[in-house]
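**Q** This is the structure, below, for whatever I ask next.
The values are calculated or read from the model by the stated rules, or taken from the named source; none is laboratory data. For clarity, every value in this text was computed on a predicted model and none was experimentally measured. FYI the Cβ positions are ideal-geometry reconstructions off the backbone, even for glycines, and counts take in every protein chain you see.
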Amino acid sequence: MIRKTVWLASIVTLATATAWAQEPRVEVSATAGWTFSDGVSGEAFRAPDGNLYDRIDPKDSFSWGAQIGFLVSENVEVGFLFNQQQSKLVLGGQATREIGDQSIYNYHGYVAYNFGYGDSTVRPYLMGGLGATQYASFGFTGADGEQREIDGSTRFSTTWGAGVKVFPSPSFGIRAGVRWTPTYIKSDAAGWWCDPYWGCWVVGDAQYSNQWELAGGVTLRF
């Protein structure tokens, strides 16, 4: 009886492992959508056009991206994503002024959890990642008619998302989701914090530039 039980368990384990080994393990996706963005505020300054400005923001705009994920188990996926937002840099304050075109790039490694079974037609997912956001340099014409250039900058950022993938066939699917990418830009002094033992120091108020992307696309599985 024991031999039969062990033999049956071995067959079931082997069959399960073989089936999983034959299932798709790689997903390649392409997406397009719209990104809502905000920037940071600062001390007001008077520009050559006579207006006071105290904010600088990327403009909401079209975005697209690509990613590759590797299924290390039936539910857990690790991968890398790239995204580009084709935006404009905007000054805000007493007036609103578009400075010029600016591209924003996201580079993130991520981990995702896919709900359901590997062969499920509908698979909701949650994901989170670490990486960098790059604000590309660009040239523009100032209010005084002079040609100027703003240097690019690359900052650490995280990214968090949720969505759903639908697979009409084992190798092809469509996907839709939302992704939030907060990027640390700077900290402003927000006051003093004092401790009887450690003394006093300035407390900083961190400011982040946020991107909220709504996107859809296709996924190929191999």
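**Q** Being surrounded by 13 or more Cβ atoms within 10 Å (Cβ to Cβ) and free of Cβ contacts under 8 Å to residues at least 60 places away in the same chain is the filter here; which residues of region 143-164 pass it?
**A** G152, T154, R155, S157, T158, W160, G161, A162, G163, V164
**Q** For region 45-80, which residues satisfy the criterion of being closer than 30 Å to F140 by Cα, in a strand (DSSP E or B) and of a type in the set (A, V, I, L, M, F, W, C)?
**A** Within region 45-80, F45, L52, I56, F62, W64, A66 meet the criteria.
**Q** I'm trying to understand the selection: among the residues of region 108-120, which are closer than 12 Å to E74 by Cα and either in a strand (DSSP E or B) or touching a residue at least 60 places away in the same chain (Cβ under 8 Å) (or both)?
**A** Passing the criteria: A112, Y113, N114, G118, D119.
**Q** Here is a further query. Among the residues of region 63-91, which ones are surrounded by 15 or more Cβ atoms within 10 Å (Cβ to Cβ), farther than 23 Å from K165 by Cα and without any contact (Cβ under 8 Å) to a residue 60 or more places away in the chain?
**A** If the condition is that a residue be surrounded by 15 or more Cβ atoms within 10 Å (Cβ to Cβ), farther than 23 Å from K165 by Cα and without any contact (Cβ under 8 Å) to a residue 60 or more places away in the chain, then S87, K88, V90, L91 are the ones that fit.
**Q** Of everything in region 207-222, what is aromatic (F, W, Y) and more than 11 Å from the chain's Cα centre (by Cα)? Give them in sequence order. Break it down into steps so the answer makes sense when it comes.
**A** In the first step, residues of region 207-222 are kept if they are aromatic (F, W, Y); the result is 208, 212, 222.
Scanning region 207-222 gives Y208, F222.
**Q** Looking only at strands (runs of 3 or more DSSP E) that fall completely inside region 121-189, which ones have 2 or more residues that are of a type in the set (G, A, S) and modelled with pLDDT of 90 or more?
**A** Numbers: elements: 122-135, 138-141, 147-150, 153-169.
Correct list: 122-135, 153-169.
**Q** Taking region 114-127, which residues are loosely packed, with under 14 Cβ neighbours inside 10 Å and either in contact with a strand residue (DSSP E or B) (Cβ under 8 Å, 6 or more places away or on another chain) or of a type in the set (S, T, Y) (or both)? Write out each step before concluding.
**A** Applying the first criterion (loosely packed, with under 14 Cβ neighbours inside 10 Å) to region 114-127 yields 115, 117, 119, 121-122.
Scanning region 114-127 gives F115, Y117, T121, V122.
**Q** Sticking with this one: Mind telling me which of the residues D49, D101 ends up being among the acidic types (D, E) and either modelled with pLDDT of 90 or more or buried (at least 18 other Cβ atoms within 10 Å of the Cβ) (or both)?
**A** Testing whether each residue is among the acidic types (D, E) and either modelled with pLDDT of 90 or more or buried (at least 18 other Cβ atoms within 10 Å of the Cβ) (or both) leaves just D101.
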